[in-house]
Amino acid sequence: METQAIRFYYRGKVHEVTGEATTRTVLQYTREDLHCTGTKEGCAEGDCGACTVVIGELTGNGNVDLRAVNACIQFLPTLDGKALFTVEDLRAPGGELHPVQQALVDCHASQCGFCTPGFVMSLWAMYVNRPADAGCPSRREIDDVLSGNLCRCTGYRPIIDAAQKMFDLPRQDFDRAALARQLQALQRGDTLAYEHDGHVFHAPRTLAALGRLRASHPQARILAGSTDVGLWVTKQFRELRHLIYIGQVAELREISEGPDGVYIGAGALLNDAFDALVKHYPELAELRQRFASFPIRNAGTLGGNVANGSPIGDSMPALIALGTRIVLHREGVVREMPLEDFYLAYQKNALEAGEFVQGIRVPFPTRAQRFRTYKLAKRFDQDISAVCAAFAVELDGQTVRSARVAFGGMAATPKRGGAIEAALTGRPWTEATVRSAMAAVPADYQPLSDMRATSAYRLAGAQNLLYRFFLETRTEAPLAAHEVNAFANV
Ligand SMILES: Cc1cc2nc3c(=O)[nH]c(=O)nc-3n(C[C@H](O)[C@H](O)[C@H](O)COP(=O)(O)OP(=O)(O)OC[C@H]3O[C@@H](n4cnc5c(N)ncnc54)[C@H](O)[C@@H]3O)c2cc1C
Ligand code: FES
Ligand code: FES
């Protein structure tokens, strides 16, 4: 196969790249080939933020989206048609520091400096995305934007001070229109076909082209945000001979509302997908905040979380409890099923050869519904769940008309709890009913012990989360989140 060149915009010019491995990371390329070594490598797995860069991408309406992501787990060919910004881009030609950098200096917000370029880029993305008249961001907004950046020696207080102070310094505007013109010139009409050393990277641009490619290469690996797949390469050294990247398929980014609910295309980024869901389900706000980190949610997709189907994935329990349906596509033929039916066994799902996930449909809440989802993990931010629980009951007066319960971390797949649901359905929504449903938890789940938690801890945790759900949603004297959770945002 004859290869095309990967083309992207970086430091004022278009770079055309061939001769690089399909899974070479953006971080390796910028440091080792372009010798731009400001961006650092800490963990090579998306956790520490030392490698944070900003990616610029055209949106459907001709605007430019600028998002901070982790360069250590993004593959170079995913940059095709996009712009890359690293810490080297910020200083003015005359040497003056950007307000982000100046504020970090003024606030003494760097000691060893290893983490600093990553903080600079996360803050730069916040700076350029914030309208000039929006004022200073809140502490909560800053915490969220910096949730993927670790600093081991300075301490966060001066860094957060700098994040506020940078908006007080003379404003420096970013010319999005000029970048949009550069990116327009880079867009291709058709699929990118890149090859190196017998390894292939395809990036189709339409759903139809993706359908055809997938059907003719059922053995290829679909690549979305690379926040799972990237680690297979950087940590497990797996060889991926053929990748089909779905990040350029505009139809898969669709997020829309119909009469019955929200449709989220499989390529919608986690941050965008959660925004759309939190509008209808404010109960998802904490899960959104605690799902990975801000830059991981800027790259990873909700479709990737659902398709990957990890038993400890965080979105599936909530989506299953809400009655979500998954939409599958094979060369123009679409079928749907309840999300819980998609998971067959550990790392085995209902996708047939040549099929891919096109999107999910999440119903709107009903008036009678009470819903919560809880994540049990050792840290508040950026941690993997030991247990993730989701409960949705519909009440008819005092009686439970229907109950949907799902857990992650409790079985080989995300799984509904049939015995728990049976113990709740048709019964009064009282402490006695909930206690009997808690006793049914071991009938549904026999969790493993591993480094995150013991089986006994998981069982007790699951039972207590069900009790907490009751305390927060009982009809008489329900408790507010902060009365049952010391970390709740009040
Ligand atoms: C630092 C870090 C923190 C994380 N924290 C969390 C967390 O708190 N909670 C959590 O649940 N996850 C977490 N993750 C895991 C990951 O971010 C999510 O699973 C994410 O949603 C994956 O989406 P992606 O687009 O990056 O998928 P990718 O890595 O691109 O793909 C993942 C898998 O899904 C398949 N796939 C993707 N899209 C499709 C499709 N449309 N059709 C068919 N197959 C498809 C791929 O082939 C692959 O097998 C974390 C990851 C990292 C690196
Ligand atoms: S090097 Fe740690 S997140 Fe990339
Ligand atoms: S300044 Fe040393 S790790 Fe942050």
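The values are calculated or read from the model by the stated rules, or taken from the named source; none is laboratory data. From a predicted model like this one, the values you see are computed outputs, not experimental measurements. Cβ sites come from the backbone with ideal geometry, for glycine too, and all protein chains shown count toward neighbours. The protein model used for the area step is the full one, side chains on, heavy atoms only, and it has no ligands, DNA or RNA in it. Shrake-Rupley method; radii C 1.70, N 1.55, O 1.52, S 1.80 Å.
Points 7 angstrom from Cα along the Cβ direction at Asn485 and Leu97: gap in nanometres?
3.8
Taking the Cα centre of the chain as the origin, how large is its charge dipole in debye, to the nearest 20, when only Lys and Arg (+1) and Asp and Glu (-1) carry charge on their Cβ atoms?
Computed charge dipole of the chain: roughly 660 debye.
For the range 264-363, compute Rh as the Kirkwood radius over C-alpha pairs and then the Stokes-Einstein diffusion coefficient at 20 °C and 1.002 mPa s; write the answer in µm²/s, rounded to an integer.
156
If you only keep lysine pairs separated by 8 or more in sequence, or across chains, how many in the chain come under 30 Å at the Cα atoms?
For the chain, the number of qualifying lysine pairs is 20.
Suppose all protein chains stay in the model; what accessible area per residue would a 1.4 Å probe give for the range 369-483, in Å²?
Heavy-atom accessible area per residue stands at 43 Å².
How large is the helix-only mean residue ellipticity at 222 nm for the chain, computed as the sum of -39500 (n - 2.57) over DSSP H runs with n ≥ 4, divided by its residue count, in deg cm²/dmol to the nearest 500?
So the helix-based figure for the chain works out to -8500 deg cm²/dmol.
Using alpha-carbon pairs under 8 Å, 6+ residues apart, how would you state the relative contact order of the range 369-483 in percent?
Details: 198 pairs, mean separation 23.4, N = 115.
With pairs under 8 Å counted, the relative contact order is 20 percent.
Rank by packing, highest mean first: peptides 339-349, 44-54, 231-241, 160-170, with packing defined as the count of other Cβ atoms within 10 Å averaged across residues.
Highest-to-lowest ranking by the protection proxy: 44-54, 160-170, 339-349, 231-241.
Kirkwood Rh and Cα-based Rg: tell me the resulting Rg over Rh for the range 99-166, rounded to two decimals.
My calculation puts Rg/Rh at 0.92.
Relative contact order (percent) for the range 112-167, with alpha-carbon contacts under 8 angstrom and 6 or more residues of separation?
Relative contact order, the range 112-167: 51 percent.
By per-residue mean of other Cβ atoms within 10 Å, what is the highest-first order of 174-185, 313-324? Please list the in-between numbers first.
Values: 174-185: 13.5, 313-324: 25.6.
Those peptides, ordered most packed to least, come out 313-324, 174-185.
If R₀ is 45 angstrom, what is the calculated FRET efficiency for the pair Gln172 and Arg212, using the beta carbon separation as r and rounding to 0.05?
The value I calculate is 0.50.
Share of the chain's accessible area from carbon and sulfur, percent, 1.4 Å?
It is 50 percent, rounded to a whole number.
Amide H of Gly300 versus every other amide H placed in the peptide plane: which residues, excluding those fewer than 5 positions away on the same chain, fall under 5 Å?
Leu270
Once you wrap a convex hull around the alpha carbon atoms of the range 16-124, what is its projected area averaged over all directions, in nm²?
8.0
What number comes out for the charge environment of Glu32, summing +1 per Lys or Arg and -1 per Asp or Glu over other residues with Cβ under 12 Å away?
Result for the local shell: -1.
Starting with the highest mean, order 89-102, 279-292 by the number of other Cβ atoms within 10 Å, averaged over the residues of each peptide. Numbers along the way, then the final one.
On the way: 89-102: 14.9, 279-292: 19.2.
Peptide ranking by packing, descending: 279-292, 89-102.
Ignoring ligands, DNA and RNA, what accessible area per residue does the range 89-158 give at 1.4 Å, in Å²?
That works out to 48 Å² for each residue.
What is the set of long-range amide H partners of Leu479 at a cut-off below 5 Å, with H atoms built 1.01 Å from backbone N?
Glu472, Thr473, Arg474
One quarter of the convex hull surface, Cα atoms only: what value does that give for the range 139-272 in nm²?
Convex hull of Cα atoms, orientation-averaged projection: 13.7 nm².
Taking each pair of different alpha-carbon atoms in the chain once, compute 1/r for the pair, average those values, and report the inverse of that mean as the Kirkwood hydrodynamic radius in Å to one decimal.
23.8
Give me the extension gain from Ala443 to Asp65: residue separation times 0.36 nm, minus the current Cα-Cα distance, reported in nm with one decimal.
131.3 nm
If you place +1 on the Cβ of every Lys and Arg and -1 on the Cβ of every Asp and Glu, how big does the dipole about the Cα centre of the range 369-483 come out, in debye to the nearest 20? All intermediate terms of the calculation are to be shown ahead of the outcome.
Details: 15 positive and 11 negative charges, 40 e Å.
Computed about the Cα centre, the dipole is about 200 debye.
By how many nm would the segment from Glu141 to Ala419 grow when fully extended, if each residue of separation counts as 0.36 nm and the alpha-carbon distance is taken off?
Length difference between fully extended and current span is 96.0 nm.
For the range 369-483, report the translational diffusion coefficient in µm²/s to the nearest whole number, using Stokes-Einstein at 25 °C, 0.890 mPa s, and a Kirkwood Rh over Cα pairs.
172
Can you find, among Val333, Ile6, Gly113, the residue farthest towards the positive end of the dipole of the chain? Put +1 on the C-beta of Lys and Arg, -1 on that of Asp and Glu.
Val333
Using a 1.4 angstrom probe, figure out how much accessible area the range 178-241 has per residue, in square angstrom, rounded to the nearest whole.
Per residue, the range 178-241 has 48 Å² of solvent-accessible surface.
Using alpha-carbon pairs under 8 Å, 6+ residues apart, how would you state the relative contact order of the chain in percent?
11
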